[in-house]
Every structure is written in structure tokens, then in C-alpha cells.
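These notes concern the structure reproduced below.
What follows draws every value from the coordinates through simple rules; no lab data is involved. This is a predicted model, so every value here is computed, not measured. Here Cβ is always computed from backbone atoms with ideal geometry, including for glycine, and neighbour counts include all displayed protein chains.
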Amino acid sequence: MEGLWGLAGRMGRRPNRPEGRFQRAEPAAAAERCRACGGQGVEKERDAGWGNIIACGGAGGVVSLGGRNKNHREGRTMPKEMTAGALAERSLITKYRKTIWNRFIGGCKDYELIKPGDRIAVCISGGKDSMMLAKCMQHLQKYSDFPFEVEYLVMDPGYSSPNRELIERNARTLELPIRIFESPIFGVVDEVEGGSPCYLCARMRRGYLYKEAQALGCNKIALGHHFNDVIETTLMSMLYGAEIKTMLPKLHSTNFAGMELIRPLYLVREEDIISWGKYNNLHFLQCACRFTERTEHHEEDSARREMKRLIAEMKQHNKNVDINIFRSMHNVNLATAVGYRMGDDDEPHSFLEKYDEKEEM
């Protein structure tokens with residue numbers, strides 16, 4: 001169960017990893033890597049003591065889901081002249097190693113999001129979250145000790161020409177080999193009368209992404225939801241949906257057999273994603289929906305902004321309130337639940353159903 005508390009380790013306390021899952025690095029091998037990287041990241045490697053989870057800030061790069069970095073073994077150094085895409089990727093394992101890379105890797109490990117032989121479609125909307133997720137996955141694939149494949153999938157649901165050009169330009173800058181396919185989603189939801197079409201749009205988007213990913217031979221799609229999305233969605237479900245419902249780090253598709261959805265940025269904070277974009281002078285697509293372009297207020301965005309303000313206000317009195325919300329999702333005491341359902345299609349259950357059984361025991 002320690003893996004469930006991976007966030008605590010990445011917030012300053014390193015969790016104890018179970019023996020057998022990862023192998024400890026031999027002292028001689030660790031010393032060799034220290035020499036190869038010129039002393040950078042030495043203390044990090046010694047302190048961790050785990051051969052498969054090294055996150056070195058030195059010239060040799062990182063070791064991702066396991067294994068040793070070839071640059072460390074051979075004593076290579078990074079080239080002096082680097083492209084904007086290479087610099088953005090490099091910053092993930094140097095400046096943002098603790099705040100982004102370690103938490104990205106931690107989420108993948110704690111929730112077992114990526115397995116050998118996976119073929120994953122990273123779904124890129126053009127926003128900051130999905131673009132940075134794509135770079136993380138690209139770097140991870142290079143250094144993982146087990147093989148998996150990645151496709152970079154962009155759906156054009158009816159973007160304006162400037163918005164599509166921005167996505168394509170950012171993909172070129174970040175050196176992401178994207179595949180673009182088109183769908184009529186904006187045209188369909190634009191005709192919906194009354195209320196916000198956001199729910200319909202989200203369902204249709206996911207369906208098209210699953211279908212296209214499956215056609216490419218993928219067994220998983222990866223979305224860019226982050227730590228803040230997770231806790232905000234949980235609060236929104238309580239305050240606006242009258243239920244306690246979390247955003248899971250992974251789930252099986254109900255309509256596409258054999259497909260899964262994963263969220264590798266589950267432990268990464270939004271503020272760090274924003275900082276990474278600014279640091280690399282990147283400008284990403286904001287919400288490009290036709291509906292929001294015509295309306296001053298957007299129902300879901302308005303509710304989410306309210307959650308952000310609420311959390312920010314509570315953090316003035318308790319700086320750990322966001323972490324506590326997150327941890328509470330992993331620590332639900334069902335014995336105190338007045339009512340519950342085992343899934344969206346299940347009938348509501350009451351604590352009264354088994355109340356008398358406890359007295360007999």
C-alpha cells in the first residue's frame with residue numbers, strides 16, 4: 001500500500017520501496033555512474049540506492065522506469081548545441097526534475113500505468129498539459145528498460161486555421177511526430193440547444209480518440225489530467241454533482257474492448273506545468289471551443305475556477321489542504337458511508353442494509 005502514498009515521497013519524504021519490485025544498484029556500478037556523470041547527481045544516486053529509479057540531474061540524463069542510462073555507462077556528455085525541443089525535454093530532467101519528472105515517473109509506477117509491450121496513444125489537444133505529457137512520454141520511451149510504443153495523436157474537432165497552425169507549430173518546435181485526424185465534434189455540439197454542450201463534447205472526443213487509437217493498434221490512450229484536475233474534480237462532484245466521485249489514474253473503456261485510459265500526470269501540479277511552458281518560451285492553445293468563443297461564461301470552467309479559488313482560500317489557513325484532499329481519495333472509510341454505489345450503473349445502497357448484522361456479531 002505504500003505506493004498509494006507516492007505523492008508524500010515526492011513532497012519531501014521518500015517512500016520505502018518493497019524489496020523484489022526494484023533491485024538495488026551494486027556499489028561498484030553506482031560509483032561508475034558517478035564518475036561518468038562528472039559528479040553531478042552523485043548524492044541523489046547514493047541517497048536513493050535504487051538502480052532502477054535514479055533521477056540524476058547530471059549530464060548523463062535519467063534512468064526512467066528501470067535500467068541504467070547508456071550515457072552514464074559510456075561517460076557521454078550532452079551536445080552543446082541543442083534545439084528548442086531538446087532544451088524543453090532536457091529541462092524536464094534538470095530544472096523540473098523534482099517537480100515534474102519525478103512525479104511523472106512516480107505516478108506511472110505507483111498506479112502501474114505503463115507495462116511492457118504497451119502501445120500508447122498520447123492524446124494532444126494543443127494545450128499545455130497534453131503537450132508536456134507528450135514530451136515526458138517521449139523522453140521516457142528513450143530510457144525505459146522495457147519496450148513500449150507511443151503514438152502522438154491530435155484530433156481536430158473543427159479548430160479555426162490559426163488554432164490548428166499553433167498546434168502544428170508547437171509540435172514542430174517540440175519535435176513531436178504527431179498524427180492529425182479530423183472529426184465533426186464542434187459542428188455537432190454547436191447545434192445543441194440549451195445549457196452547456198461540454199459533457200456531450202467530452203464524451204464524443206473520448207469516443208473518437210479511442211476509435212482512432214484502436215485503429216492504430218494502441219491498447220491505451222494517455223490524457224493530460226494533472227494533480228489539480230484530480231482534486232478539483234472531486235470537489236466539483238461533491239458541491240455540484242451531489243456525489244463523491246474521484247478521477248481515477250486509469251480505467252478500462254466500457255465501449256472499446258481491450259482499451260484503457262491512463263493519466264500519467266496524476267501527481268504533477270498545474271503550476272509546475274505552467275512554469276515549464278514559460279521557462280521554455282512556449283505558448284499553447286487555450287480552450288478553442290466555438291461555444292466558449294460566443295459566451296462570456298463557461299459552465300464547467302466557471303465551476304472549476306470556483307474550486308481553484310476555494311482551494312487557494314483554504315490553503316491560506318492550511319497549506320496542506322490540497323494534499324489532504326488527494327490523500328482522502330485513497331483513504332475512504334466505507335464503514336462511515338451513509339450510502340454508496342458500486343459504479344454508475346449500480347443501485348444505491350444504504351448503511352441500513354447491514355446495520356443489524358453488525359449488532360448480531
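A compact table of results
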{"quantity": "Packing rank of 90-97, 130-137, 117-124, where each peptide gets the mean count of other beta carbons within 10 Å, highest leading", "calculated": "130-137, 117-124, 90-97"}
{"quantity": "Cα-based Rg of region 142-243 normalised by 2.2 N^0.38 Å, two decimals", "calculated": "1.30"}
{"quantity": "Shape call, region 120-189: gyration tensor on alpha carbons, a/c limit 1.5", "calculated": "prolate"}
{"quantity": "Along principal axes, Cα extents of region 189-282, largest first, whole Å", "calculated": "37, 36, 29"}
{"quantity": "Alpha-carbon Debye profile of region 81-155, log10 I(q)/I(0) at 0.18, 0.20, 0.24, 0.26 Å⁻¹", "calculated": "-0.77, -0.95, -1.30, -1.42"}
{"quantity": "Shape of region 236-283, Cα gyration tensor, a/c cut at 1.5", "calculated": "oblate"}
{"quantity": "Pairs beyond 18 Å (Cα-Cα), from LYS220/LYS250; LYS278/LYS315; LYS98/LYS135; LYS220/LYS245; LYS98/LYS315; LYS245/LYS319", "calculated": "LYS278/LYS315; LYS220/LYS245; LYS98/LYS315; LYS245/LYS319"}
{"quantity": "Protection-proxy order for peptides 265-275, 231-241, each taking the mean of Cβ atoms within 10 Å per residue, highest first", "calculated": "265-275, 231-241"}
{"quantity": "Per-peptide average of other Cβ atoms within 10 Å, ordering 221-227, 207-213, 139-145 highest first", "calculated": "221-227, 207-213, 139-145"}
